[in-house]
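Working notes, structure below.
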Amino acid sequence: MTLRTTTLGAIALAAIVLLAFVPRLANPYYLALAISLLQYTVLATAWGMFSGPTRYVSLATTAFFGVGAYTVAVLGEVLPWPVVLVVAASLGAILAAVVGLSTLRLSGVYFVIFTFGLAELVRQLVVWFEVNKSRVLGRYVFVNVTQSDIYWQLLILAIAVFLIGWLVARSRLGFALRIIGEDETVATHCGINTTIAKVALFTISATIMTIVGAIMAPRWTYIEPSIAFNAMISFQVLIMALLGGAHRLWGPILGAVPLVILFELLSARFPNTFTIILGCIFLLIVYLLPRGVAGLLESGKARWGETFKPRAVA
Amino acid sequence: MGTTITRRMALLASVCAATFGLVATAHAQASLKIGYAISRTGPNTGGAAVTTLPNYELWVKEVNAAGGIKLGDKRVPIEIVQYDDRSNAEEAVRAIERLVNQDKVDFILPPWGTGLNLAVGPTLNREGYPHLAATAVTDRAPELAKRWPNSFWLLGTSADAAKTLVDLLVKLRDDKAIGDTVAMVSIADGFGIDLSSAGRKALTDAKFKLAYDKSYPIGTQDLAPIINEVKALNPDVFIAFSYPPDTLALTEQSRIAGLNPKVFYTGVGTAFPLYRQRFGKNTEGVMGIGGWSGDSPAIKDYLARHKASAANGAEPDRWASAVTYASLQMLQQAIEKVGKVDRAAVIKELQTGTFDTVIGKVKLENNMPTRYWWVGQWQDGEFYGVAPAANEGARKAVVPKPAWVAQ
């Protein structure tokens, strides 16, 4: 076990070192692809961190992502970059805590609907404020952040996400959440304060999503609500996490990587029929891989064990 | 030993040079690769399908029919690489990076709309490609042109648009054609907000009485309450900084409610052929953003060619379409003048040269044209430019607008 952990650690470390050199080696196109891979890996992992154990399906990803992007649009030229990121993270955390406290008592389909509405609500609030107060809609982001900077920031965030996820899973909080996911009534009877547990993790996950939005914003120069609060992001993150398997920390990355590459190949090869092919692929995923790639790997491993263990013993 | 290495190296070097040279000449002479990513899906589809795509297709068809673009003393055909940006800024940026690094295109044509043109600006600047933004209206255009010297902002600024409209109103008031009550509505989106902010200031400075000043959210279906409120105020001038769907809805409601002020002005979409199809005789006297010199032979010829080339004989819009086509002519003339695929030289030529286009002679100053059409008016079934009045081919505005007729 220790050997396995050490090996895994060494592999992870080697991968990180290799990944850190991508901007030096890749041309801008591959760098853009790598940025996209990291972006969706972080978003899907953060999504899975909350939704995996609790089984609450959230469509609010874009609400937090957009808040991050908008913070950069408003403060990017005024404050130094690290401060902007801290402000964005704090705003995301506050929003998530407020929203979490008021809504995590909802469950099932009501929660899904609410989170979908949340993104639209935040977007309309931003529009209202910009139209009636600041009287500009559409802001410019001129900050000195290169593509390589964006990549490295995302890489650091990705490492942080996996560390946080690993730590949470090993903590009392993580255990509590797994019980909530299995049966919330039982969890309450065990003396777990389910609301606090859920809000805490929802806030952590949402803060990470907000930071991703802030890091990505300098890529577009121009931000308006329809760009920052794009509902497609919520759906893509959801499908990636489901494809990979949200019940494992490393599950969503197994969905994010193939899907980002697939999106890229489809939009390059079939620009005019992209949406149709995408729809068919989603159907296939839902029918053939209900538990995601992670589930497939696990059942494969279990079957492998069943077939070979007795023979090995004999 | 030393000699062997030198000889070997020389051989290697010459092989390399030969290979690269061959590749370079073969590449330069086979075709001119031009790429674009355009919104074929998503909210920008409508604009791109009316204003941008038909012009790209018309231009490529015409150039290739003539044997291609002239590089030095021979013509090379244009080869097109195209993607769908799905009306998404991130997708648009990635498509440009793909065009540059994977497809290695020689030139890139811009996407449709202000937001996407701004999104791809930094990438095109970093890679040194000329960026002829023909469908972007932004107040920061002069600053952007300075920041990205490879970018050309051919549609001007919204402040200029609002100012020209108010100048026209001032002149009409001086001529006693209109009074000084104005009702203004705008869509709560980037374009509407920019224009209404500039318009509000210009109207107040010109001592107009702004009796009504409201915005409505994008996607508003029922505009009847707005029109009824405006009608109750009985203004001399009605200004709507609107987008195509609401331009149609506001006009329809005004006709139904009988709101018929002396000046009736609507925003994007007024210049679309669709507007005339929908309102027929009722377009008479309606003013809107854009316009062109409908009497100029070059424009008439362009209109005929566009109709012949586009699917279903679609007509161009009377604002950015002609500017888009002119931007392609400018690009072609700049490339032919330089005579090879030297993007830096082409950018320089675009900055300094004079070009013969469907919208007349164009000479850019600080990467922007010096003349724009800001106010057009439907007169006898054509959308003529009426302001700035100093523009060549400007028609006199017909005020008051004739009454709506039953459809």
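The values are calculated or read from the model by the stated rules, or taken from the named source; none is laboratory data. Predicted model only: the values in this text are computed from it and were never measured. No Cβ is skipped: glycine too gets one built from the backbone with ideal geometry, and neighbour counts run over all protein chains shown.
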For this session: Inspect all residues belonging to the range B:43-53 and state whether any of them is facing chain A (nearest Cβ under 10 Å), within 23 Å of the chain's Cα centre (by Cα), surrounded by fewer than 21 Cβ atoms within 10 Å (Cβ to Cβ) and not hydrophobic (A, V, I, L, M, F, W, C).
Result: yes
For this session: Report whether or not B:Arg98 is buried (at least 24 other Cβ atoms within 10 Å of the Cβ), under 27 Å from A:Asn230 (Cα atoms) and facing another protein chain (nearest Cβ under 8 Å).
Result: no
For this session: Kindly indicate the residue of the range A:37-60 that is assigned to a helix (DSSP H, G or I) and of a type in the set (Val, Ile, Thr) and also modelled with the lowest pLDDT among those meeting that condition.
Result: A:Thr54
Exercise. Of A:Ala44, A:Ala63, A:Ala15, A:Ala32, which residue is surrounded by 18 or more Cβ atoms within 10 Å (Cβ to Cβ) and either farther than 15 Å from A:Ala206 by Cβ or acidic (Asp, Glu) (or both)?
Worked result: A:Ala32
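For every residue, the table says whether it meets (1) among the charged types (D, E, K, R); (2) more than 14 Å from chain B (Cβ to nearest Cβ).
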site: A:Ala169; (1), (2): no, yes
site: A:Arg172; (1), (2): yes, yes
site: A:Ile179; (1), (2): no, yes
site: A:Ala197; (1), (2): no, yes
site: A:Leu201; (1), (2): no, yes
site: A:Gly213; (1), (2): no, no
site: A:Met216; (1), (2): no, no
site: A:Ser226; (1), (2): no, no
site: A:Ile233; (1), (2): no, no
For this session: Evaluate the range A:44-56: report whether one residue or more is in contact with a His (Cβ under 6 Å, 6 or more places away or on another chain) and touching a residue at least 40 places away in the same chain (Cβ under 8 Å).
Result: yes
For this session: Would you mind stating whether B:Leu109 is within 14 Å of another protein chain (Cβ to nearest Cβ) and hydrophobic (A, V, I, L, M, F, W, C)?
Result: no
For this session: Taking B:Tyr216 as the residue in question, decide whether it is within 27 Å of A:Arg139 (Cβ to Cβ), in contact with an Asp or Glu (Cβ under 8 Å, 6 or more places away or on another chain) and not small (Gly, Ala, Ser).
Result: yes
Exercise. With respect to the numbered conditions (1) assigned to a loop (DSSP other than H, G, I, E, B); (2) more than 28 Å from A:Phe162 (Cβ to Cβ); (3) more than 10 Å from every other protein chain (Cβ to nearest Cβ), which one is the sole condition not fulfilled by A:Cys280?
Worked result: (1)
Exercise. Within the range B:208-234, how many residues turn out to be within 14 Å of another protein chain (Cβ to nearest Cβ) and either over 30 Å from the mean Cα position of the chain (by Cα) or of a type in the set (Phe, Trp, Tyr) (or both)?
Worked result: 1
Exercise. Yes or no: A:Arg135 within 14 Å of another protein chain (Cβ to nearest Cβ), closer than 30 Å to B:Ala188 by Cβ, surrounded by fewer than 20 Cβ atoms within 10 Å (Cβ to Cβ) and of a type in the set (Lys, Arg)?
Worked result: yes
Exercise. Among the numbered criteria (1) farther than 30 Å from B:Gly269 by Cα; (2) within 12 Å of chain A (Cβ to nearest Cβ), which single criterion is violated by B:Ile78?
Worked result: (2)
